[in-house]
Amino acid sequence: MNTVCVVGSGYVGLVTGACLAELGNRVVAVDVDAERIELLRRGEVPFFEPGLEELVRRMSASGRLTFTTSYATGAAKADVIFLCLPTPPLPNGAADTSILRTAVEELAPLLQAPYPVVVCKSTVPVGTCATLHRLLEQISPLLGAVPVVANPEFLREGSAIADFMHPDRVVIGSHAPGCAALVEALYKPLNAPILTTGLKTAEMIKYASNAFLATRISFINEIANICEHVGVDVAGVADGMGSDKRIGPSFLRPGVGYGGSCFPKDVQALAHLGAIHGVQPRLLRSVMEVNADQGKRVLHKLRTQLGRLDGATVAVWGIAYKPNTDDIREAPAVEIMRLVEQEGGTVRAYDPVAMPKAAALLPTVTMCADPYAAAAGADAVLLLTEWNEFKGVDLTRLATLMRRSILIDGRNAVDPGRAAAAGFHYAGIGRGSVPEPPALSPVEPNGRVDAIAAVPVPV
Ligand code: UDX
């Protein structure tokens, strides 16, 4: 058993600390946010991550996980100190490592021989760990003996605990092989491949991995956009591609584009890194352009089906940037709702968990109790996050609640045949030619439909 200090109790830090405690270590989690620490001490997790609250409570009850705002308490007797701190984008797209530097400056005077290993788990530009090591040396030449290790995380929100406990690989970068031994020992119980590399290689593996996954998403979105014009359903194309072992099936789901706190900022930071070294990041720029356009394409579909957004009521299903999280950072849905309102549309929205965070950001959007309530009286449903509960929705009932039967499926979560059979004008992403339902009664803008033509429901 080791004594581990985890600095930063966000998505990555809290999952890392709770899982290392689960593996038998004694973990002290440090965060400068006193409110967050109080919440955590009460066994409450300030964001939605399946299984995390229960794990934190269990580890706290076992005494192996404690929380403090004090760096001194955290660093005392620590064998390993993980830095799990945000590296948000600067205006020029570069990653801001100032929070990391501040943490190292706070920790430096607390470090005593035999020195703990300082592990950077944050996603950082290539060269940052070496810079942090130099910072320690500048503070005190003795701290040159502190090993600094790069250990990037590959956790997906919504499945972070499983991703920590069952990694495809653990990457550990260091400037001297001996430094990584203690960190390797922490991960040994996971029985996963451990790749030991140099510091910069580990830092680059993280950026390159995220940028590649983002590239796959923009690639399949571009293929989907082409499919729409040649009457091909991209789902069949993705299946055919993914069956090739060299390609694989993952990250080939087209949609309204990627969001979250990682892909957008990491692709931007890597592009910036290339640009400052004279390597024009043409591919990475295209990945970002395709992604930015994907949300606009969904709006175009909506405009095409509605005629105009001014005066229309649009029900948005799903706000979080992906299912099983309440994270709305860079969520395509937020931007899309803002654009609908800018064009004079009224937005009603539903998300199983993200509405509290979204309400603060979108005060003019009506947050509803369930997907049907959001769709009541609406001219169109815009599905933007593929929560499971949307996949089996009662489309016949839905059609009776809406003013018009338009379903724009931004995540290809609903079966087009089912939608057409229920009388919906359906548009997905790259779904090729979709069966059209019977023509709708004409509707004046803001007008009421005298009677939605009774569409015989096949028995
Ligand atoms: C990602 C990386 O997967 C993870 O390894 C890294 O540590 C952090 O960033 P995360 O952002 O939590 O994880 O979620 P992920 O499941 O990768 O999805 C990212 C975005 O891509 C979401 O908006 C999702 O909707 C979108 N996506 C994902 C697609 O549009 N299509 C896909 O096929 C997969």
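The values are calculated or read from the model by the stated rules, or taken from the named source; none is laboratory data. This one's a predicted model, so the numbers in the text were calculated from it and none came from an experiment. For neighbour counting, all protein chains shown are included, and Cβ atoms are generated from backbone atoms with ideal geometry for every residue, glycine included. Ligands, DNA and RNA are excluded from the accessible area calculation, which covers all protein heavy atoms including side chains. Shrake-Rupley method; radii C 1.70, N 1.55, O 1.52, S 1.80 Å.
Descriptive notes on the structure:
- Only residues that are surrounded by fewer than 19 Cβ atoms within 10 Å (Cβ to Cβ) and within 18 Å of the chain's Cα centre (by Cα) were counted across the range 289-309, and they come to 1.
- Residue that is farthest from W317 (Cα to Cα) [pool: residues in the range 243-260 that are more than 10 Å from the ligand (Cβ to nearest atom) and small (G, A, S)]: S243
- Wholly within the range 3-100, helices (runs of 4 or more DSSP H) carrying at least 3 residues that are touching an Asp or Glu at 6+ places or on another chain (Cβ under 8 Å) and without any contact (Cβ under 8 Å) to a residue 24 or more places away in the chain: none
- Wholly enclosed strands (runs of 3 or more DSSP E) of the range 109-191 bearing at least 2 residues farther than 27 Å from T73 by Cβ and within 16 Å of the ligand (Cβ to nearest atom): 170-174
- Segments classed as helices (runs of 4 or more DSSP H), wholly inside the range 325-418, with at least 2 members that are away from the ligand (no atom under 15 Å from the Cβ) and of a type in the set (A, V, I, L, M, F, W, C): 332-342, 355-361, 371-375, 395-401
- Any hit, the range 123-132, residues being surrounded by fewer than 16 Cβ atoms within 10 Å (Cβ to Cβ), among the small types (G, A, S) and either modelled with pLDDT under 95 or over 22 Å from L270 (Cβ atoms) (or both): no
- Every residue from the range 1-38 that is hydrophobic (A, V, I, L, M, F, W, C) and surrounded by fewer than 16 Cβ atoms within 10 Å (Cβ to Cβ): M1, A34
- Complete set of residues in the range 101-122 that are in contact (Cβ under 8 Å) with a residue 60 or more places away in the chain and more than 9 Å from A150 (Cα to Cα): A103, L107, P116, V117
- The number of residues in the range 175-199 being of a type in the set (S, T, N, Q) and open to solvent by 80 Å² or more (accessible area, probe 1.4 Å) comes to 2.
- Residue tally, condition open to solvent by 20 Å² or more (accessible area, probe 1.4 Å), of a type in the set (A, V, I, L, M) and more than 7 Å from the ligand (Cβ to nearest atom), over the range 200-224: 4
- Residues of the range 261-291 that are among the acidic types (D, E) and away from the ligand (no atom under 13 Å from the Cβ): E289 alone.
- Residue check, G259 among the small types (G, A, S), modelled with pLDDT of 95 or more and surrounded by 22 or more Cβ atoms within 10 Å (Cβ to Cβ): yes
- G423 being in a loop (DSSP other than H, G, I, E, B), assigned by TED's automatic domain parsing to the domain that holds E335, at pLDDT 95 or above and out of contact with any Ser or Thr (no Cβ under 6 Å at 6 or more places or on another chain): no
- Listed conditions (1) more than 20 Å from K322 (Cα to Cα); (2) not assigned by TED's automatic domain parsing to the domain that holds A427 are all met by F219, apart from (1).
Rundown of residues vs (1) closer than 30 Å to G344 by Cβ; (2) without any contact (Cβ under 8 Å) to a residue 60 or more places away in the chain; (3) in contact with a strand residue (DSSP E or B) (Cβ under 7 Å, 6 or more places away or on another chain), yes/no style:
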| site | (1), (2), (3) |
| --- | --- |
| Y258 | yes, no, no |
| G278 | no, yes, no |
| L306 | yes, no, yes |
| L309 | yes, yes, no |
| V316 | yes, no, yes |
| I319 | yes, no, yes |
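- Restricting attention to the range 19-49, the residues that are within 22 Å of the chain's Cα centre (by Cα) and more than 17 Å from T69 (Cα to Cα) total 4.
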